[in-house]
Amino acid sequence: MTAWWPWDVLIILGAYHGLNPGMGWLFAVARGLQERRRSAVWESFLPIAIGHEAAIGVVVVLVVVAQFLIAPAALRIVGAAALFSFALYRLWRRTAHPRGFGMRIGPRGLVGWSFLMSSAHRT
């Protein structure tokens, strides 16, 4: 292997993240089709990205703060328990979906939707 392999992996993961139909680009396309404007697709990307980054920031801050408040071994156990609990919840409620966001939403709604979806994928 070369020293470039971490970048290759990052590019592959980024491509998967971007092409996965469960990501926000599909919501942006649907919004553009509903409004019958190509510009609505492009206008959707920034709010989706802001919500996504806000969710990442919240998780990072929570982990940093938790490292000072909880011993590392306990933090790993709590994190594992949270992930396991969330997985069980998702198995039990397969059709659970955040409420309050329809397809006809503006930029603030897109930020909120993106934040909720990104947060749910990181817990």
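Since every read-out is calculated from the coordinates, none of them should be taken as a lab result. This structure is a prediction, so every number in the text was calculated from the model and none was measured. Virtual Cβ from ideal backbone geometry, glycine too; neighbours counted across all protein chains shown.
Quick one: compute the contact order of the stretch 5-122, relative version, from alpha carbon pairs under 8 angstrom and 6+ residues apart, as a percent. Mind showing how you got there, number by number?
Details: 68 pairs, mean separation 44.9, N = 118.
Once divided by the residue count of the stretch 5-122, the mean separation gives 38 percent.
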| query | Could you give the nm distance between label points at V64 and R108, where each point is 7 Å from its Cα heading toward the beta carbon? | reply | 2.8 nm
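So what's the net charge close to G32: Lys and Arg +1, Asp and Glu -1, counting the other residues with Cβ under 12 Å from its Cβ?
Details: positive: R31, R36, R37, R38; negative: E35, E43.
It works out to a net charge of +2.
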| query | Separation between the I56 and A30 pseudo-spin-labels, each 7 Å from Cα along Cα→Cβ, expressed in nm? | reply | 2.4 nm
| Karplus-derived HN-Hα couplings along the stretch 24-35 (A = 6.51, B = -1.76, C = 1.60, θ = phi - 60°), whole Hz, x at Gly and Pro | x, 4, 5, 5, 5, 5, 4, 5, x, 5, 5, 7
| Gained length - V78 relative to W4, 0.36 nm times residue gap less alpha-carbon distance | 23.2 nm
| request: Could you tell me which of A74, G57, A40 has its Cα farthest along the dipole of the stretch 5-122 towards the positive end, charges placed at Cβ (Lys, Arg +1; Asp, Glu -1), taken about the Cα centre? | output: A40
| task | Compute the Rg to Rh ratio over the stretch 5-122 from the alpha carbon atoms, using the Kirkwood formula for Rh, and round to two decimal places. | result | 1.04
